[in-house]
Every structure is written in C-alpha cells, then in structure tokens.
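Comments concern the structure below.
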Amino acid sequence: MKIRVEIDPSYGNEEEVVIRCNTLSEEVMMLQKQLSGIVSDKLKLEVYKGDTVLYLSLDEILFLETTENFLAVHTTKEIYTAKERLYALEELLPTSFVRISKSAIANITNIRSVKRNITGPSEIEFNGTVKRAYASRNYLKQLMNRLEEKRINK
C-alpha cells in the first residue's frame, strides 16, 4: 500500500482523504473506519437543554430518536433536544451510527447488548446506563451486521 500526501495551497479550508483501490479489501475497510473515527472524534452536535445550547461530542451520544415535536438526543445521564431532522443527521453522522427504526439511530460504539425478539422490536442496552432503545425487525439485520463488523475489526 502506498501513502502519499499532496499539498495544494489552492485547495481550501477542509482537508480531503481519498483512498484509491481496485477492490474493497479488509485492510482498506479498516483504514477507512480508522480515518472516520479520527474525524468523528472532532465532530460535535449542537443540542439544547432548556435555554442552554451545548455541543456534545458524538461519542457521548447513545441514541437519537424522534418524538412528536423534536429530536431527542440521549446520553448516559441526560436527554437533550436538537433541531435537526433525523434523516438529515443520518447522512452526516459517521459509520458508528446506524438506523435502528424509522424513528431512531443508535451509536454502536456504546451498545452493550441486543436482546433479540422474533415477534417484535429487539431491546438494545447501552454501556454505563439503564437506558434502552428498540430496534425494529426491519433494521435489526443491518444493526447486527454493523456490530459484527465492529467485533471482527477490533
């Protein structure tokens, strides 16, 4: 594998990393995930607690879910609100976030266990909290595949 850095003063303010390969190998996927992790460590989500605006690191977030009027952002101890739409955030969040139902996205790095339920939603437990989220049957396979990728690549 070759690694090359090109410096172009006319490029702009945001750096871009491009991986060129002839096939998507395990090594390339692992590299992409590691790079995504570096980038996501710097990303923050603007959330609200009453009149206070906070900027949460993405690794603090357990899951996000839509309610009737707002987006709820769950951490181990708090529930915040956000103004973004769930579908818009899904496009922006790193690969450690996966859709678990029509109304929720979970951070797989914080998942402790998944209790499968054949007839209904499967219960997701998170590290360091009693909070639970539920994965619908339509999204369970995608969730389990992402958890398996995480397990293999660690």
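The values are calculated or read from the model by the stated rules, or taken from the named source; none is laboratory data. Given the structure is predicted, the values throughout are model-derived calculations rather than measurements. Please note: Cβ atoms are built from the backbone with ideal geometry, for glycine as well, and neighbour counts cover all protein chains shown.
Overview of values
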| read-out | value |
| --- | --- |
| Residues located in the stretch 118-139, provided they are buried (at least 19 other Cβ atoms within 10 Å of the Cβ), in contact (Cβ under 8 Å) with a residue 40 or more places away in the chain and not β-branched (Val, Ile, Thr) | 126, 133, 139 |
| Residue match in the stretch 49-72 (condition: closer than 27 Å to residue 14 by Cα, exposed (fewer than 13 other Cβ atoms within 10 Å of the Cβ), out of contact with any helix residue (DSSP H, G or I) (no Cβ under 6 Å at 6 or more places or on another chain) and not basic (Lys, Arg)) | yes |
| The stretch 95-131: number of residues that are more than 16 Å from the chain's Cα centre (by Cα) and of a type in the set (Lys, Arg) | 3 |
| Selected residue (criterion: surrounded by the fewest Cβ atoms within 10 Å (Cβ to Cβ)) from residues of the stretch 73-116 that are closer than 13 Å to residue 139 by Cβ and polar (S, T, N, Q) | 103 |
| Identity of the residue in the stretch 108-154, part of a loop (DSSP other than H, G, I, E, B) and among the basic types (Lys, Arg), that ends up farthest from residue 58 (Cα to Cα) | 116 |
| Candidates 38, 105, filtered to the one that is closer than 30 Å to residue 19 by Cβ, at pLDDT 90 or above and either in a strand (DSSP E or B) or not aromatic (Phe, Trp, Tyr) (or both) | 105 |
| Test: residue in the stretch 18-29 that is surrounded by 13 or more Cβ atoms within 10 Å (Cβ to Cβ) and in contact (Cβ under 8 Å) with a residue 40 or more places away in the chain | yes |
| Hits in the stretch 118-148 (condition: polar (S, T, N, Q) and out of contact with any Phe, Trp or Tyr (no Cβ under 9 Å at 6 or more places or on another chain)) | 119, 127, 129, 136, 138, 142, 145 |
| From 104, 135, residue being farther than 22 Å from residue 69 by Cβ and not polar (S, T, N, Q) | 135 |
